[in-house]
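The values are calculated or read from the model by the stated rules, or taken from the named source; none is laboratory data. All values reported here derive from a predicted model rather than from experimental measurement. Methodologically, a virtual Cβ is constructed for each residue, glycine included, from the backbone with ideal geometry; neighbour enumeration extends over all protein chains shown. What goes into the accessible areas is simple: the full protein's heavy atoms, side chains included, and nothing from ligands, DNA or RNA. Shrake-Rupley method; radii C 1.70, N 1.55, O 1.52, S 1.80 Å.
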Amino acid sequence: MSLPRLSNSAARRIFMDRHALLDTPQGASDGRSLLQLIERLGFVQLDSINTVARAHDLILFARKPRYRSDDLKRLYEQDTGLFEHWTHDAAVIPLSFYPKWHMRRARDAAKLRKQWRASRRDGFEEQLQTVLDHIRVHGACGSSDVGQQEARGSGGWWDWHPSKTALEYLWRSGALHVVGREGFQKRYDLTERALEPHLWGINDAPSEQQTIDWCCAGALDRLGFATSGEIAAFWAHVTAAEAKDWCADALRRGEIGEIEITGADGSVKRSLARPGLAHDPAITQPATNRLRVLSPFDPALRDRKRAKFLFGFDYRIEVFVPEAKRIFGYYVFPLLQGERLVGRVDMKAFRAEDTLRVRAIWPERCVTWGKGRQGAFEAELDRIKRLAGVSRIEFAADWLRPSMQHQFG
C-alpha cells in the first residue's frame, strides 16, 4: 500500500503553521498572548548578539509586530511565566513545562561534572557549597558577586572562574534558578526559594518514561512531521535511541503513521506524522504575503537541513567564520515572504547614529526583486527600526546583489 504524500507546498504550509508563520502577524504581544505563543513554539532561543535586535526579540517580533523586548522581560521576571534552561541551546521556556526538565537536570548533573572536571575549570566543585551558602545569605546574585578573589580571564566559557562555573553547574543541575538578567548577565537564586514546591519537588517530578513520551509527542506536534532523529533533536532531552523506541511504540499503537514529504527539489523523504495530516487545514490556507525578516535562530530555521529540504534555502551563520572567508556577512538575516524564503539581508543598527544600515540583499535563485518586493521589504524595515530603537534607514550604494547562486559545502 502506498503511503500518503504531501506536496512541497502542503508540507511548507503545515510546517509554517506549526511555527506560527502562516498567518499575518498581529495581535497583543504581552502577558497571556505572549505566553501562548511561546507555548505554541515550545521555547524561544536566547542569544546575546544584537546587530539589529537579539534573536529572542526578533523571533517574537516576526510573529507579533507590536512586541517589544520589555514584554518578554516582564513575562519572565515579573509575571514568572517562563524559566530559563537548555534545549539545543539556552532558551526561555513556559514555566508550566518546568517538571519536564527534571530528567535533563539529572542527566546534566552527571554529564557536566565529568566534562567540566576534565576541562579548564579546576576547583569548581570545591566552590559549590560556598556559592549556595552565599546565595542563601545574600539573595540572588550574578557571577560578578561570587569568587571575588579568584583569577578572572576574558569571560569565555573556557575562562570562567571556579565560582562562575559552580553557579552554572548548580543552575543546570537544578539547585539554582535563573530569576532574570541584568543586561545579558544571569541572576541566580535558590530554586526552593524561587519556585513553588510542586514545580521543583522531586516527589512531583514525572518519570523518565513520562518525560520521554511528553518530549516526543510535543516535538512531533510542533514539527508537523518528522523523523525520529528530528524528534530527538527538538528539545534535545531524549537520546536518538529513546526517540526511535517511542516512534516504534507509537506506530504500533496507531498514534502516528508514515507519510512521504516532497522537498523543494522534488525529492521525497519518509517521515512520521499524526493520522490525517494529509488533510490538515493548514494545507488549504495561503501564507501571508507580508515580507518578514527572520532571526538566524528562528525555530523554523534552526534545523538547517530541514530548511534546505523544504525551502531549498541553504543557510549558514558566519559569525565564527573569519571575515575574509565569509560569503555573505557576519550576521545575515533570512527573508520570508509567502511560503518562500526569498533572500537574505546583511544589515545593522547603529544606535548612536539613530540609523539602520542595509549593506546588502541577496535574492534567492529565481526570485525577482522588483518594486513590489522592495516595497514590502521597506515596510518591514519601517516596523523593525522601532524594535531596533532607531528612526532612520540607509541603503548602501550597491545594496542589491546578484541572485544567490552559492551553496555552502
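If ligands, DNA and RNA are left out, what is the accessible area of Trp399 with a 1.4 Å probe, given in Å² to the nearest 10?
My reading of the accessible area for Trp399 is about 50 Å².
Percent antiparallel among DSSP beta bridges with both residues in the chain, to the nearest 5?
Just about 85 percent of them are antiparallel.
Under the Karplus relation 6.51 cos²θ - 1.76 cosθ + 1.60, θ = phi - 60°, what is the ordered set of whole-Hz ³J(HN,Hα) values for segment 4-19, x standing for Gly and Pro?
Here the 3J(HN,Hα) series is x, 10, 9, 5, 4, 4, 5, 5, 4, 5, 4, 4, 5, 4, 5, 9 Hz.
Find how much the distance from Arg326 to Arg136 grows on full extension, using 0.36 nm per residue of separation minus their present alpha carbon separation; answer in nm with one decimal.
63.6 nm is the gain from fully extending Arg326 to Arg136.
So what J values fall out for segment 124-133 if you push phi through Karplus, 6.51 cos²θ - 1.76 cosθ + 1.60 with θ = phi - 60°, rounded to Hz, Gly and Pro as x?
After applying 6.51 cos²θ - 1.76 cosθ + 1.60, I find 5, 5, 5, 9, 4, 5, 4, 5, 4, 5 Hz.
Run the helix sum for the chain: -39,500 (n - 2.57) per DSSP H stretch of 4+ residues, divided by residue count, reported at 222 nm to the nearest 500 deg cm²/dmol.
Helix-only estimate at 222 nm: -10500 deg cm²/dmol.
In the chain, if the dipole is taken from +1 on Lys/Arg beta carbons and -1 on Asp/Glu beta carbons about the Cα centre, which of Trp101, Leu356, Ile256 is farthest to the positive end?
Comparing the listed Cα positions along the dipole, Leu356 ranks first.
Do any trypsin sites (Lys or Arg not before Pro) in segment 342-372 lie in a loop, going by DSSP, with at most 15 other beta-carbon atoms within 10 Å of their beta carbon, and if so which?
In loop regions of segment 342-372 (DSSP not H, G, I, E or B), the sparsely surrounded trypsin sites (Lys or Arg not before Pro) are Arg365.
How would Ser69, Ser143, Ser295 rank on accessible area, largest to smallest, probe 1.4 Å?
My answer, sorted largest first, is Ser69, Ser143, Ser295.
Residues with beta-carbon under 10 Å from that of Gly389, excluding Gly389: net charge, scoring Lys, Arg +1 and Asp, Glu -1?
Result for the neighbourhood of Gly389: +3.
Work through the residues other than Ser173 whose Cβ is under 9 Å from its Cβ and net out their charges, Lys, Arg +1 and Asp, Glu -1.
Its environment carries a net charge of +2.
Long-range amide H contacts for His85: which residues qualify at under 5 Å (H placed 1.01 Å from N, peptide plane, sequence gap of 5 or more or a different chain)?
Ala91, Ile93
Can you list residues whose amide H is under 5 Å from Phe350's amide H, if they're 5+ apart or on another chain and H is modeled 1.01 Å from N?
Thr355, Leu356, Arg357
From the Cα gyration tensor of segment 64-184, with a ≥ b ≥ c the square roots of its eigenvalues, which class applies: rounded if a/c is under 1.5, or else prolate if a/b is larger than b/c, or else oblate?
In terms of gyration-tensor shape, prolate.
Where in segment 1-42 does the amide nitrogen come within less than 11 Å of the point 7 Å from the Cα of Gln78, taken along Cα to Cβ?
31
Residue by residue, what Karplus-based ³J(HN,Hα) values in Hz, rounded to whole numbers, does segment 249-254 have, using 6.51, -1.76 and 1.60 with θ = phi - 60° and x for Gly and Pro?
Working through the residues one at a time gives 5, 5, 4, 4, 7, x Hz.
What accessible area per residue, rounded to a whole number of Å², is obtained for the chain using a probe radius of 1.4 Å?
Using a 1.4 Å probe on heavy atoms only, each residue of the chain averages 45 Å².
Put Arg340, Arg32 in order of accessible area, largest first, 1.4 Å probe: what do you get?
Heavy-atom accessible area, descending, gives Arg32, Arg340.
So what's the convex hull volume per residue for the Cα atoms of segment 282-401, in Å³?
Taking only Cα atoms, segment 282-401 has a hull volume of 132 Å³ per residue.
State the percentage of accessible surface on the chain attributable to carbon and sulfur atoms; use a 1.4 Å probe and exclude ligands, DNA and RNA.
50 percent
Can you give me the long-range amide H partners of Leu176? Hydrogens built in the peptide plane at 1.01 Å from N, cutoff under 5 Å, separation of 5 or more residues or another chain.
Amide H to amide H, under 5 Å and 5 or more residues apart or across chains, Leu176 pairs with Trp171, Thr191.
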